[in-house]
Amino acid sequence: MASLKTLCSRIPWCEPAVLESVLELALEIAREGREGRRIGTLFTLGKADAVLTASRALILDPLAGHAPARTHITDPDLRGTMKELAQLDGAFVISEGGTVVAACRYLDASVEQIALSLGFGSRHLAAASISQRIGAVAIVVSESGVVRVFHAGQIEATLIPELWLLDRH
């Protein structure tokens with residue numbers, strides 16, 4: 001987790017506990033999938049207003065209108081809902097403080113100045129793009145079961161759920 005602590009130290013608004021909560025959820029989704037199948041999803045963390053401006057709703061937002069206390073990433077009652085919503089297309093938008101402000105967002109991505117290795121798909125491109133243009137942290141759960149953390153258009157960390165668990169215990 002040293003690289004994530006380093007990442008938070010470089011971003012003035014980054015709260016390590018919030019980043020860790022988002023990562024734990026992402027790793028659970030990567031490890032467990034949903035109903036026996038692997039799923040991918042994307043979380044943006046920080047700069048929520050700017051991310052909302054640089055995105056649009058794919059469907060009616062299922063989290064709209066809920067009290068912020070009920071949509072905080074550390075709320076254990078929210079985890080199951082997030083896992084269900086992760087099956088839908090689009091990104092989650094999470095504020096610096098950890099409130100999930102939107103789900104099912106289409107991020108306006110640009111390939112300009114983005115250099116990703118071959119083999120990464122549109123979810124990774126969107127994460128790299130939004131992290132570069134807006135300055136948010138973007139966390140991608142790949143359908144292959146790997147979690148990648150993007151900031152400033154670059155991959156900051158690649159996490160494999162089983163290795164993460166071994167490190168934690």
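Per-structure values
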| quantity | calculated |
| --- | --- |
| Carbon + sulfur, % of accessible area of the range 98-169 - ligands and nucleic acids excluded, 1.4 Å | 51 |
| Proximal charge balance of A64 [Cβ under 13 Å; K/R count +1, D/E count -1] | +1 |
| Cα centroid of the range 112-128 to Cα centroid of the range 48-95, whole Å | 23 |
| Helix runs (DSSP H) in the chain reaching 20 Å along axis by Cα, Kyte-Doolittle at least 0.5 | 16-32 |
| Summed residue charge, Cβ within 13 Å of Q132's Cβ, Lys/Arg positive, Asp/Glu negative | -1 |
| Cα-projected label distance for E143 with S122, points at 7 Å along beta-carbon direction, nm | 1.2 |
| GluC sites (Glu not before Pro) lying in DSSP loop within the range 75-169, provided at most 16 other Cβ fall within 10 Å | E112, E143 |
| Antiparallel DSSP beta bridges within the chain, as percent of all bridges there, nearest 5 | 85 |
| Surrounding net charge for S95, when Lys and Arg each add one and Asp and Glu each subtract one, Cβ distance under 13 Å | -2 |
| Residues in the range 33-73 that a label on D108 would reach, taking backbone N under 20 Å of a point 7 Å out along Cα→Cβ | 43-61 |
| A91 long-range amide H proximity, modeled H, under 5 Å | C104, R105, Y106, L107 |
| 5 angstrom amide H check on H72, placed H, neighbours 5+ away | V100 |
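The values are calculated or read from the model by the stated rules, or taken from the named source; none is laboratory data. Note that the structure is a prediction, hence the values are computed from the model and not measured. Positions of Cβ are generated from backbone atoms using ideal geometry, with glycine treated the same way; all protein chains shown enter the neighbour counts. Note: areas computed on protein heavy atoms with side chains; ligands, DNA, RNA excluded. Shrake-Rupley method; radii C 1.70, N 1.55, O 1.52, S 1.80 Å.
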